[in-house]
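Each reported figure results from applying straightforward, stated rules to the coordinates on display, with no laboratory input. If you're wondering where the values come from, they're calculated on a predicted model, not measured in any experiment. Virtual Cβ from ideal backbone geometry, glycine too; neighbours counted across all protein chains shown.
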Amino acid sequence: MTDKPDLATILGEVDSSTFLGLSARSDLNVSDASSAYLGVPGATPYGQMGAFARNAPQALRVAMAPEASLIDRYNFDLGGPLFPAGCKAAVDCGDLPFNTEDFAANRAVIRAAVAEIMAAGVVPIVVGGDDSVPIPMLDALSDTGDSYTLLQIDAHIDWRDVHMGERFGLSSNMRRASEMAHIRQIIQVGARGTGSAHSDDVQDALDWGAEIVPAEEVHAHGIAPILARIETGARIVICFDVDGLDPSVVPGCLARSPGGLSYGQGLGLLRGAAERGTIAAVDFAEFVPEMDVDGIGAVAVSRLVTTVMGLAARQ
Ligand SMILES: [Mn+2]
């Protein structure tokens, strides 16, 4: 056999113009939705690396196109249809523009879009870009006047103050979050191996009160002790760097690190967070489709995005 079988031949028409065939809302008019897929090519890339995760939003749309025709079926990750009867559905806001030179402009565009979606009472699901993208998303949360528990899933703690001369880059997102008055708790899950953090960065995180749960601890004790750390009724923002998952689950990332979380652990953290409190905003960063293996990671990340949509519709 030389040609791969195509799932679409069983499932029917495939349309990848929006994620899961959801209604398109490039004007950010989302008030009738429960969550909004917001594609973001990048924010503040480091020097010559460029916006290496810029193609993630579209790659996930392509990955889920064959499942668009199954949107009303029973989803075992959610224990029912994605959008149960009577619940508002999600929409797809398309991709924000990306400026290769003016990174402050990128941050302003992301911040404004997230703020606008949240002002409509809708959960923004920011998809794509490197891990500098959550910084303006987190900043936008201050407009709501609420305070937040931040749940980060990542192989790296991202507490560098400045890296490569840049304060708003992918190695600094949790440090920047810690400086925001509306972020009152930071739980960091999945750290392992080495990243950009020095020992004093780890100490600064611990001194601030960040609760760091290395991947090894998740494998030893499961996710229940992590979820128990989230205050009941908290408003929760989730920063999901897909390299927090094991590279066998998501091969498509720049910094593959063995020993990562399983799909089930990632899924369980999302579902468990929604049980503890209210998911207010989520971002999925660092997916690099060009480094993926035959679309394996694209499906895993897409399914987690889909799960957040189902959770948002139910809350
Ligand atoms: Mn990372």
- Message: Output the 0 to 90 degree angle, nearest 10, between the alpha-carbon long axis of helix 263-276 and the longest principal axis computed from the alpha carbons of the chain.
- Response: 80 degrees
- Which residues qualify? For Gly169, with a placed amide H closer than 5 Å and at least 5 residues away or on another chain, they are His163
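Quote the Stokes-Einstein diffusion coefficient, in whole µm² s⁻¹, for the range 63-196, based on the Kirkwood radius over alpha carbon pairs, a temperature of 4 °C and a viscosity of 1.567 mPa s.
Values: Rh = 17.0 Å.
The Stokes-Einstein estimate is 76 µm²/s.
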- Item | Label-reachable residues, the range 262-300, where backbone N falls under 11 Å from a point 7 Å from Arg256's Cα toward its Cβ | 291-294
- Query: Cα axis of helix 199-208 to longest principal axis of the chain: angle in degrees, 0 to 90, nearest 10?
  - Reply: 80 degrees
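Which GluC sites (Glu not before Pro) from the range 66-132 combine a DSSP loop assignment with at most 14 other Cβ atoms within 10 Å?
For GluC sites (Glu not before Pro) across the range 66-132 that sit outside H, G, I, E and B with at most 14 neighbouring Cβ atoms in 10 Å, the list reads Glu101.
For the range 30-73, what number results from the quotient of the Cα radius of gyration and 2.2 N^0.38 Å?
Details: Rg = 14.6 Å, N = 44, 2.2 N^0.38 = 9.3 Å.
In units of the globular-protein estimate, the range 30-73 measures up at 1.57.
Using R₀ = 25 Å, calculate the FRET efficiency as 1/(1 + (r/R₀)^6) where r is the Cβ-Cβ separation of Phe76 and Thr9; round to 0.05.
On the way: r = 23 Å, r/R0 = 0.94.
The calculated FRET efficiency here is 0.60.
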- Message: Going by Cα centres, the range 16-51 and the range 168-228 are how many Å apart?
- Response: 26 Å
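How many times 2.2 N^0.38 Å is the alpha carbon radius of gyration of the range 167-244? Working shown, then result.
On the way: Rg = 12.8 Å, N = 78, 2.2 N^0.38 = 11.5 Å.
Normalised Rg, Cα atoms only: 1.11.
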- Message: Given N residues in the range 10-139, what is its alpha carbon radius of gyration divided by 2.2 N^0.38 Å?
- Response: 1.11
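How large is the charge dipole for the range 16-314, taken about the Cα centre, if only the Cβ atoms of Lys, Arg (+1) and Asp, Glu (-1) carry charge, to the nearest 20 debye?
Details: 20 positive and 37 negative charges, 143 e Å.
Roughly 680 debye, rounded to the nearest 20.
Can you give the convex hull volume per residue for the Cα atoms of the chain, as a whole number of Å³? Display every interim value, and only then the final one.
Numbers: hull volume 41.7 nm³, N = 315.
That works out to 132 Å³ per residue.
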- Note on the structure: Taking Cα atoms only, helix 103-119 is inclined relative to the longest principal axis of the chain by an angle, in degrees rounded to 10, of 60 degrees
- Projected onto their principal axes, the Cα atoms of the range 124-217 stretch, largest extent first, over whole-Å spans of 35, 27, 23
